[in-house]
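The values are calculated or read from the model by the stated rules, or taken from the named source; none is laboratory data. Source: prediction; values computed, not measured. Positions of Cβ are backbone-derived with ideal geometry, glycine not excepted, and every protein chain shown enters the neighbour counts.
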Ligand SMILES: [Zn+2]
């Protein structure tokens with residue numbers, strides 16, 4: 001049984017609430033050169049209240065097939081005091097973006113043994129907060145500098161989105177990448193843009209783990225019902241138990257999200 005995920009990169013999405021009430025054509029200002037390699041419907045989804053991100057350039061394509069959660073090198077290490085210190089640096093002067101990240105950091109400090117610390121010269125591996133096109137992150141520790149992007153003046157600059165991206169950097173994939181997800185949701189590939197279908201593929205349980213936790217349709221790492229939709233009136237992901245159920249959210253970590261986080265890093269007392 002597999003649950004949330006640990007490994008490389010991914011995309012995400014921000015669901016403000018159920019169904020999008022705006023219609024958009026796919027041709028909006030997308031940076032297609034980037035989307036071609038990275039992924040995704042940043043453009044489309046953003047307009048719909050879904051912010052999609054992905055940095056598949058480094059991790060996804062190159063590492064997904066060979067790795068996993070259990071790859072020690074992608075874990076951030078814990079010190080003797082029981083904390084996982086993660087150096088970070090702001091490489092954007094966008095105040096709203098910094099605020100979203102700062103608020104997200106507070107969530108992790110409160111709910112887990114993860115501690116974000118300002119990067120010093122002696123720190124080799126660190127997270128650089130940038131404000132690029134879209135919100136994205138690699139999955140797991142990459143070695144050296146790794147970016148988390150929260151686009152300014154977009155749905156990206158929200159605390160819940162920053163939490164989502166940080167969870168990727170901590171090694172978690174999207175919830176619907178679990179290999180048991182078809183027991184809980186139905187994915188309509190016919191309504192998903194071809195260049196986004198890869199994001200809906202499940203990952204091998206050999207490479208990932210969910211720490212024994214059950215599938216969480218409301219995880220902050222779950223896609224929304226209309227993620228990647230061609231026909232915006234039709235859901236791409238539907239709950240099996242209740243077809244009108246809203247999937248995913250970008251407000252806060254669920255209890256399951258928090259449990260898996262603390263299991264992954266063996267945080268004591270949270
Ligand atoms: Zn994501």
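Remarks
- Restricted to the range 245-255, and to residues there that are free of Cβ contacts under 8 Å to residues at least 40 places away in the same chain and in a loop (DSSP other than H, G, I, E, B), the residue that is farthest from residue 174 (Cα to Cα) is 245.
- Taking the criterion of being within 15 Å of residue 226 (Cα to Cα) and touching a helix residue (DSSP H, G or I) at 6+ places or on another chain (Cβ under 6 Å), the only residue of the range 237-270 that qualifies is 250.
- When the range 118-138 is limited to residues that are in a loop (DSSP other than H, G, I, E, B), touching a helix residue (DSSP H, G or I) at 6+ places or on another chain (Cβ under 8 Å) and within 16 Å of the ligand (Cβ to nearest atom), the one that is farthest from residue 150 (Cα to Cα) turns out to be 138.
- In the range 140-170, residue farthest from the ligand (Cβ to nearest atom) [restricted to those that are closer than 20 Å to residue 123 by Cβ and in contact with a helix residue (DSSP H, G or I) (Cβ under 6 Å, 6 or more places away or on another chain)]: 141
- Within the range 173-192, being in contact (Cβ under 8 Å) with a residue 60 or more places away in the chain and either farther than 10 Å from residue 239 by Cα or within 16 Å of the ligand (Cβ to nearest atom) (or both) holds for 173, 174, 175, 176, 177, 178, 179, 180.
- Hey, residue 100 surrounded by 20 or more Cβ atoms within 10 Å (Cβ to Cβ), over 14 Å from the mean Cα position of the chain (by Cα) and under 26 Å from residue 227 (Cα atoms) or not: yes
- Subset of the range 193-222 that is more than 19 Å from residue 250 (Cα to Cα) and without any contact (Cβ under 8 Å) to a residue 60 or more places away in the chain - its residue that is surrounded by the most Cβ atoms within 10 Å (Cβ to Cβ): 202
- Scanning the range 215-235 for residues that are more than 18 Å from the chain's Cα centre (by Cα) and either within 16 Å of the ligand (Cβ to nearest atom) or under 24 Å from residue 165 (Cβ atoms) (or both) yields one hit, 229.
Residue-wise test of (1) at pLDDT below 95; (2) in contact with a strand residue (DSSP E or B) (Cβ under 9 Å, 6 or more places away or on another chain); (3) farther than 30 Å from residue 98 by Cα; (4) not in a helix (DSSP H, G or I).
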site	(1), (2), (3), (4)
179	yes, no, yes, yes
182	no, no, yes, no
206	yes, no, yes, yes
238	no, yes, yes, yes
242	no, no, yes, yes
257	no, no, no, no
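- Residue in the range 223-243 that is surrounded by 15 or more Cβ atoms within 10 Å (Cβ to Cβ) and within 19 Å of residue 169 (Cβ to Cβ) present: yes
- Count of the range 227-236 residues which are in a loop (DSSP other than H, G, I, E, B), in contact with a strand residue (DSSP E or B) (Cβ under 9 Å, 6 or more places away or on another chain) and either modelled with pLDDT under 95 or over 16 Å from residue 181 (Cβ atoms) (or both): 3
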